[in-house]
1. Anything in region 195-218 that is free of Cβ contacts under 8 Å to residues at least 24 places away in the same chain and among the polar types (S, T, N, Q)? List them, or say none.
2. For region 257-269, check the following and say yes or no: at least one residue is under 25 Å from GLY73 (Cβ atoms), of a type outside the set (A, V, I, L, M) and not in a helix (DSSP H, G or I).
3. Of THR283, THR244, which residue is in contact (Cβ under 8 Å) with a residue 40 or more places away in the chain and either buried (at least 19 other Cβ atoms within 10 Å of the Cβ) or of a type in the set (S, T, N, Q) (or both)?
4. Pairs please, first residue from region 57-75 and closer than 17 Å to ALA291 by Cα, second anywhere and among the aliphatic types (A, V, I, L, M) and surrounded by fewer than 18 Cβ atoms within 10 Å (Cβ to Cβ), Cβ atoms under 8 Å, 6+ apart in sequence or on different chains.
5. Can you tell which of GLU148, GLU182 is surrounded by fewer than 20 Cβ atoms within 10 Å (Cβ to Cβ), modelled with pLDDT of 95 or more, over 24 Å from THR217 (Cα atoms) and acidic (Asp, Glu)?
6. State whether the residues of region 89-98 include one that is β-branched (Val, Ile, Thr) and closer than 21 Å to ARG310 by Cα.
7. Just give me the residues in region 74-101 being surrounded by 13 or more Cβ atoms within 10 Å (Cβ to Cβ) and outside any helix (DSSP H, G or I), in sequence order.
8. For LEU294, work out the one condition from (1) out of contact with any strand residue (DSSP E or B) (no Cβ under 6 Å at 6 or more places or on another chain); (2) over 23 Å from ARG177 (Cα atoms); (3) in contact (Cβ under 8 Å) with a residue 60 or more places away in the chain; (4) of a type in the set (A, V, I, L, M, F, W, C) it doesn't fulfil.
Amino acid sequence: MIRRVCIVSEFVEGNFLGLPEGQGEPDVAILSVPYELTSSYGQGSHQGPKATIAASAQVELYDALLPEDLPSGFRIHTATPWDGEGNTLQEQLSSIRRYVSKHLTAFPVVLGGEHGMLPAIMQAVGETVDLSKLTIVQIDAHADLRQELEGDAYSHACAIRRSLDLGVGNILQIGIRAFAREEVEFTAKDARVQSWLARDILNPRGGEAAWNHWLETLSKLNGPVWLTLDMDGLDPAYVPTTGTPVPGGLAYWQVVDIIETIAAASEATWIGVDINEIVPDPTHNVTEFTAAMLATKMVSAYLASRLRDRK
């Protein structure tokens, strides 16, 4: 923890980046939702939020987008984790909605937990935002557009489908490379969903054009935007212990490029993010450290956009 030596008296264990809370209303709220009820393969995402916050203590506070080290004049609040209240799946999802709702005056960074938490987050967001005008940017290996999985309509594999049912107006997916025929057919028929497949953007023949088209699309975003990052959207080299690792995923720097492009979209209002399917890596800590690095980049990019808007 070399960078903490000179400010060890200010380091707060258990807070995101080890930062003290500061005074006044927060600009960013770090939320922990250790929810895991429908995982269908690898287990352990309920341990992800705590592990990510612990890993963030090793992340540097410098970002070239900001004039000062984080928090760069802003307040970052690390909220008490969601308490897991609820005896059934629906009760737990309602509890997540209430938990997230309490923190929407700040920019929420929701750490999970399985992707099945997304519809509950969208219900909370819908209390203050017209969901029909909302764009969800989804980084994921899976389309998550199934009607149900193993009889469960609220499985993690249905997170985007249920969000659309709530009235979300637009989905932009990237990194998709594991999907069912049902999802392909749904995407072809529903104009609300646009998908950039990993095979297309990473293909040596034509991939660069597809990637540039994706970034151009992001740069033209308008209205409210929510970013949902399923860690399996990255290649397993960066997230070896996520719930369902799939080969052939995005590189770390591609995800950084996505984050910075969303933040720079002048007609968009970036309202929050979630990072899900964080399964701690007990051997090398790679997955949770990657999640902590990307969460920090999201915070930095969002705060940089705030500074830009002040000018």
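1. If the condition is that a residue be free of Cβ contacts under 8 Å to residues at least 24 places away in the same chain and among the polar types (S, T, N, Q), then ASN203, ASN212 are the ones that fit.
2. yes
3. Working: THR283 fails: in contact (Cβ under 8 Å) with a residue 40 or more places away in the chain.
Sole residue among the options that is in contact (Cβ under 8 Å) with a residue 40 or more places away in the chain and either buried (at least 19 other Cβ atoms within 10 Å of the Cβ) or of a type in the set (S, T, N, Q) (or both): THR244.
4. Once the first residue is closer than 17 Å to ALA291 by Cα and sits in region 57-75, its partners that are among the aliphatic types (A, V, I, L, M) and surrounded by fewer than 18 Cβ atoms within 10 Å (Cβ to Cβ) give ALA57/MET1; GLN58/MET1.
5. GLU182
6. no
7. Start the filter on region 74-101 by keeping residues that are surrounded by 13 or more Cβ atoms within 10 Å (Cβ to Cβ), which leaves 74-79, 81-82, 84, 86, 89, 92-101.
Selection gives PHE74, ARG75, ILE76, HIS77, THR78, ALA79, PRO81, TRP82, GLY84, GLY86.
8. So the condition that LEU294 fails would be (2).
The values are calculated or read from the model by the stated rules, or taken from the named source; none is laboratory data. Quick caveat: nothing in here was measured; it's all calculated off a predicted structure. Quick reminder, even Gly has a Cβ in these numbers, built from the backbone with ideal geometry, and neighbours come from all protein chains shown.
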